[in-house]
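Remarks on the structure that follows.
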Amino acid sequence: MSQVPTFTAEQRAELEAWENRTLSPEEFDARVHAPWTDREREDFVALVAWFTKRYPTAGERLGAARHLASQWLANRPR
Amino acid sequence: MVQASAFNEVEFFRAVATSGARALLIGRRALIALGLPVMTSDYDYWIGADDAALLNAALRPLEMLPTLDPDEAKRNGRYVIEGDEHVDVLVARGVSTIDGMMVWFDDVWTRRIYLKITDDVSIAIPSLEDLILTKKFGARPRDADDIRWLEVLRGSKP
């Protein structure tokens, strides 16, 4: 049996609605300008450096992202 | 290995690029093209207000069909093109950001940049500054996160 926790359809819909909500201008501005920690910035820069080195062109990046997304969709717990 | 669907992304971009429509790839696909490793499941375009018919005609041979006819799409401000993939299309002369700034398609189109997909296919996307403005249209939590990342990317450019 899978040990991965799964969402019910209702929980998934609730989560999606939460993720797709429109923020107030104040909430949006606060989220945009939330300070980065040094660790967060380093991780982000490293991730972008890896991605752009592994996939040097826009076409390769888009193709890779599409492939990875299809893998994720095929393998996600239902 | 899991394969993506039969959808051919290069042919899709070629069809858009040769359609005659002024079509800007926006949303997370544009971020990916710029080098940000984010997830998305669809394609987002902003097209000229009178260009829906051109785009629809170009994508029909790929069995991608619009949910609204061009006049309805223009009145509605957005529509969807569906086939093996889902394409959200914004068709508006201008859109307001969450903080009330009007962003005009013609201006964004003028400042567009091109990214090469293959030797003979390129995509048009907004400039970094304009892409950030488009992220203020919907103002969802992930749009704010995308702006944070785009700002770092902008800071790293010469």
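Every read-out reported here was derived from the displayed coordinates using simple, explicitly stated rules and does not represent laboratory data. Please read these numbers as outputs of a predicted model, since none were measured by experiment. Cβ coordinates were reconstructed from backbone atoms using ideal geometry, including for glycine residues, and neighbour counts include every protein chain displayed.
Could you tell me the relative contact order of region B:59-148? Use alpha-carbon pairs under 8 Å, at least six residues apart, and round to a whole percent. Don't jump to the answer; show the numbers that get you there.
Working: 106 pairs, mean separation 15.5, N = 90.
Across region B:59-148, relative contact order equals 17 percent.
Per residue Cα convex hull volume for region B:82-158, in cubic angstrom? Walk me through the numbers on the way to the answer.
Values: hull volume 10.9 nm³, N = 77.
About 142 Å³ per residue, rounded to a whole number.
Taking the Cβ of each residue in A:Trp36, B:Trp149, A:Trp18 as the centre, tally the other Cβ atoms inside 10 Å and list the residues starting with the fewest.
Working: A:Trp36 13, B:Trp149 19, A:Trp18 10.
In order of increasing Cβ crowding within 10 Å: A:Trp18, A:Trp36, B:Trp149.
Run the quick spin-label model on A:Ala17 and B:Asp145: label points 7 Å from Cα toward the beta carbon, then report their separation in nm to one decimal.
2.1
Karplus couplings for region B:97-111 from phi (6.51 cos²θ - 1.76 cosθ + 1.60, θ = phi - 60°), rounded to Hz, Gly and Pro as x?
Calculated HN-Hα couplings, in order: 7, 4, 9, x, 8, 7, 10, 9, 4, 4, 5, 5, 4, 4, 9 Hz.
Considering only B:Ile113, B:Trp46, B:Tyr79, whose Cα is most displaced toward the positive end of the charge dipole of region B:16-158, charges sitting on Cβ of Lys, Arg (+1) and Asp, Glu (-1)?
Ranked along the dipole, the leading option is B:Ile113.
Count the net charge of all other residues whose Cβ sits under 12 Å from the Cβ of B:Val121, scoring Lys and Arg as +1 and Asp and Glu as -1. Could the numbers behind the result be given before it?
Working: positive: B:Arg14, B:Lys116; negative: B:Glu9, B:Glu11, B:Asp119, B:Asp120.
Charge balance near B:Val121 sits at -2.
With the radius of gyration and the Kirkwood radius both derived from the Cα set of the protein assembly as shown, what is their ratio Rg to Rh? Don't skip to the answer; put the middle values down first.
Details: Rg = 18.1 Å, Rh = 19.0 Å.
Ratio value, two decimals: 0.96.
Could you state the number of Å between the C-alpha centres of region B:1-78 and region A:1-66?
About 22 Å separates the Cα centre of region A:1-66 from the one of region B:1-78.
What number comes out for the charge environment of B:Ser19, summing +1 per Lys or Arg and -1 per Asp or Glu over other residues with Cβ under 12 Å away? Don't jump to the answer; show the numbers that get you there.
Numbers: positive: B:Arg14, B:Arg22, B:Arg60; negative: B:Asp51.
Spelling it out: positives minus negatives among the neighbours equals +2.
What does the charge count around A:Arg61 come to, taking other residues whose C-beta lies under 12 Å from its C-beta (Lys +1, Arg +1, Asp -1, Glu -1)? Could you put the intermediate results ahead of the total?
On the way: positive: A:Lys53, A:Arg54, A:Arg66, B:Arg28, B:Arg29, B:Lys116; negative: A:Glu60, B:Glu9.
Counting the neighbours of A:Arg61, the net charge comes to +4.
Within region B:27-107, what percent of beta bridges assigned by DSSP are antiparallel, to the nearest 5?
Numbers: 10 of 15 bridges.
Close to 65 percent.
Pick from B:Arg140, B:Arg93, B:Arg111: which is most flexible by mean-square fluctuation in a GNM of chain B where alpha carbon atoms under 10 Å apart are linked?
B:Arg140
Which GluC sites (Glu not before Pro) from region B:16-98 combine a DSSP loop assignment with at most 15 other Cβ atoms within 10 Å? Write down the numbers at each step before the final one.
Details: sites: B:Glu63, B:Glu72, B:Glu82, B:Glu85; in loops: B:Glu63, B:Glu85.
Filter output for region B:16-98: B:Glu63.
Please check: in the Gaussian network model of chain A (C-alpha springs, under 10 Å), which one of A:Ala17, A:Ala64, A:Ala49 has the largest mean-square fluctuation.
Of the options given, A:Ala17 has the highest mean-square fluctuation.
By counting other Cβ atoms within 10 Å of each Cβ, how are A:Lys53, B:Lys74, B:Lys136, B:Lys116 ranked from fewest to most? Mind dumping the intermediate values first?
Values: A:Lys53 9, B:Lys74 19, B:Lys136 22, B:Lys116 13.
Going from sparsest to densest Cβ surroundings: A:Lys53, B:Lys116, B:Lys74, B:Lys136.
Using all alpha carbons of region B:9-156, what is the percent of pairwise distances in each 10 Å bin, ordered from the shortest bin to the longest?
11, 44, 37, 8, 0
Of B:Trp149, B:Ala58, B:Trp104, which is farthest towards the positive pole of region B:9-158's charge dipole, taken about the Cα centre with +1 and -1 on the beta-carbons of Lys, Arg and Asp, Glu respectively?
B:Trp149
Report the relative contact order of chain B, percent, no decimals, based on alpha-carbon pairs under 8 angstrom and at least 6 residues apart.
On the way: 249 pairs, mean separation 34.5, N = 158.
Dividing the mean separation by the residue count of chain B yields 22 percent.
State, to one decimal in nm², a quarter of the convex hull surface area for the C-alpha atoms of region A:9-75, i.e. the direction-averaged projected area.
Result: a mean projected hull area of 7.0 nm².
In deg cm²/dmol, rounded to 500, what helix-only [θ] at 222 nm does the protein assembly as shown give when every DSSP H run of at least 4 residues adds -39500 (n - 2.57) and the total is split over its residues? Please report the intermediate quantities before stating the final value.
Working: 11 runs with 119 residues, N = 236.
Helix-only estimate at 222 nm: -15000 deg cm²/dmol.
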